[in-house]
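**Q** For reference, the structure I am asking about is given below.
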Amino acid sequence: MRADSLLLEGLTVSLGGRPVLDGIDLAVAPGETVGLIGPNGAGKTTLLRAVLGLVKPDAGAVVAGLGRPGYVPQKHEFTWDFPITVAGAVRNARSGGRRPGRSLTGGLRRRAARNRADREAAAEALDRVGLADLAGRPVGELSGGQRQRVLVARALARRPSLLLLDEPFTGVDVPTQELLTALLARLAQEGTAVLMTTHDLAQARATCSRLCLLNRTVIADGPPESLSDPDLWLRAFGVAASGELKALLAGTEAAA
């Protein structure tokens, strides 16, 4: 029996009385990169938030691996005009939810050890996303691609076994796309489970070991090359195959 980093069983969620997710069954194993594909309003971001515990399910269960997942939100969710350096923004991602020590002496020792560990983890994460040379720069001076790398570094600094990404390839330059693609491949080799939402179908096919077509419920789930039936995409998106979708389907047929 395989040990999953994430297991969703019958996950059902409504927001403001409106059903958003219905009976979601999904498992992500260590080393898998799973792409959530679906139209706007399909429930992709809500699913990530349910995994994080930010949304309470109406029914079903969310079973995540040990430790809090690493989360990469969309860029607009971060306050980029806050006066903080790149290194500081990454380092403080590790401090959320900590309780102060009860003993003054013991607390100081623990705080010093944590600060040292935080600095080391932040430096390692910045190196992995290619921003080590910008550690002292204010986050407000970064380009769009650099900002996305900061968000990824913040998640990696927590050294998670499960990484959640919300539209990581949207609005970034080609070098950042290539860096993220290579980084996700390395994380998979290291055993990290990755679940990401994306509208970039070609990038999803190049990056993900599995695709999950979602529209309130799971329409289909499998390796990209197994999802060549246009009817599955019609059910997920409610439209006939065209443009980027035709190119993707042509690619899956060629790979089969």
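None of the figures in this text is laboratory data; all of them are computed from the coordinates on show. For clarity, every value in this text was computed on a predicted model and none was experimentally measured. Cβ atoms come from the backbone with ideal geometry, glycine included; neighbour counts cover every protein chain shown.
**Q** More than 21 angstrom separation, counting every C-alpha pair in the stretch 2-81; what % is that? It would help to have the intermediate numbers written out before the result.
**A** Working: 971 of 3160 pairs.
Above the 21 Å cut-off, the stretch 2-81 has 31 percent of its Cα pairs.
**Q** For the residues 233, 80, what sequence is obtained by ranking on other C-beta atoms within 10 Å, fewest first? Write down the numbers at each step before the final one.
**A** Details: 233 23, 80 15.
The fewest-first ordering by Cβ neighbours comes to 80, 233.
**Q** Name the residues of the stretch 157-178 whose amide N is less than 16 Å from a point 7 angstrom out from the Cα of residue 137 along the C-beta direction?
**A** 172-177
**Q** Per 5 Å bin, what percent of the C-alpha pairs of the stretch 1-41 does each bin hold, from zero upward?
**A** Going out from 0 Å in 5 Å bins, the stretch 1-41 shows 6, 17, 20, 25, 16, 9, 5, 1 percent.
**Q** Suppose we look only past 33 Å in the calculated P(r) of the chain. What percent of the Cα-Cα pairs does that tail hold?
**A** Values: 7492 of 32640 pairs.
Result: 23 percent of Cα pairs exceed 33 Å.
**Q** Only counting other Cβ atoms within 10 Å, I'd like 216, 116 sorted with the fewest neighbours first. Intermediate results must be reported in sequence, preceding the final value.
**A** Working: 216 18, 116 10.
Neighbour counts put them in this order, fewest first: 116, 216.
**Q** Something else now. What list of ³J(HN,Hα) values in whole Hz, one per residue of the stretch 190-201 in order, does the Karplus curve 6.51 cos²θ - 1.76 cosθ + 1.60 (θ = phi - 60°) give from phi, with Gly and Pro shown as x?
**A** 7, x, 6, 8, 10, 10, 9, 8, 7, 9, 8, 5
**Q** Mind listing P(r) for the stretch 84-158? All alpha-carbon pairs, 10 Å bins, whole percents.
**A** Result, from short to long distances: 21, 46, 23, 9, 1 percent.
**Q** Right, next: Using the number of other C-beta atoms within 10 angstrom as an exposure proxy, rank 84, 219, 24, 37 with the fewest first. Each step should come with its number before you reach the end.
**A** On the way: 84 16, 219 20, 24 23, 37 28.
So the residues, fewest neighbours to most, are 84, 219, 24, 37.
**Q** Follow-up question, since we're still on this one. What residue among 70, 53, 130 shows peak mean-square fluctuation when the chain is described by a Gaussian network model with Cα springs under 10 Å?
**A** Ranking 70, 53, 130 by mean-square fluctuation puts 53 first.
**Q** Let me ask another. For the chain, what is the mean residue ellipticity at 222 nm derived from helices alone (per DSSP H run of n ≥ 4: -39500 (n - 2.57); sum divided by total residues; nearest 500 deg cm²/dmol)?
**A** Details: 8 runs with 95 residues, N = 256.
That calculation yields -11500 deg cm²/dmol at 222 nm.
**Q** Evaluate the distance, in nm, between pseudo-label points positioned 7 Å from the Cα of residue 76 and of residue 178 along their respective Cα→Cβ axes.
**A** 3.0 nm
**Q** How far, in nm, would the chain grow between residue 109 and residue 199 when pulled straight, counting 0.36 nm per residue and subtracting the alpha carbon separation? Could you put the intermediate results ahead of the total?
**A** Values: separation 90, 0.36 × 90 = 32.40 nm, distance 4.65 nm.
Extending this stretch completely gives an extra 27.7 nm.
**Q** Stretch residue 127-residue 14 to full length: gain in nm at 0.36 nm per residue minus the Cα-Cα span?
**A** 36.7 nm
**Q** Given R₀ = 22 Å, FRET efficiency for residue 189-residue 119 by Cβ-Cβ distance, to 0.05? Before the final figure, lay out the partial values.
**A** Working: r = 26 Å, r/R0 = 1.19.
Between residue 189 and residue 119 the formula returns 0.25.
**Q** When only Cα pairs under 8 Å and 6 or more residues apart are kept, what is the percent relative contact order across the chain? List each step's numbers first, then the result.
**A** Details: 466 pairs, mean separation 67.9, N = 256.
Relative contact order here is 27 percent.
**Q** Moving on. Would you please name the GluC sites (Glu not before Pro) within the stretch 165-234 that are DSSP coil residues with at most 12 other C-beta atoms within 10 Å of their C-beta? Before the final figure, lay out each step's value.
**A** Details: sites: 178, 190, 225; in loops: 190.
Answer in residue order: 190.
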